[in-house]
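Working notes, structure below.
Values in this text are rule-based calculations from the coordinates and carry no lab data. Since we're looking at a predicted model, the values are computed, not measured. Please note: Cβ atoms are built from the backbone with ideal geometry, for glycine as well, and neighbour counts cover all protein chains shown.
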Amino acid sequence: MMNGFVILLILAGMFLFFYWYSYRTVALEDKKREAIWKRKHEMEEAFNKRMKERAELRRQKFEKFMNRSREIQQELMRLQNSKRIQPN
């Protein structure tokens, strides 16, 4: 009777050990996969952030350019008007 319990305990211990060993490899693989996904996701977010910053800089430069262009157009119109008013 005692020998039967010992054998059952040994078999149960072996079963638990093999289950733990196989689960550990799967868990480690999932952990690695999650770390890789997280790193990739962070890199994509950093890239998107840089692209947004660059787009904002382009927009600001374009806005400055357009403002300057309007100022030049207004100055040219003012000069044309002043030439029309002053007869030579």
Test result for residue 82, free of Cβ contacts under 8 Å to residues at least 12 places away in the same chain, surrounded by 10 or more Cβ atoms within 10 Å (Cβ to Cβ), part of a helix (DSSP H, G or I) and among the hydroxyl-bearing types (Ser, Thr, Tyr): no
Any hit, the stretch 30-41, residues being within 40 Å of the chain's Cα centre (by Cα), among the aliphatic types (A, V, I, L, M) and surrounded by 10 or more Cβ atoms within 10 Å (Cβ to Cβ): yes
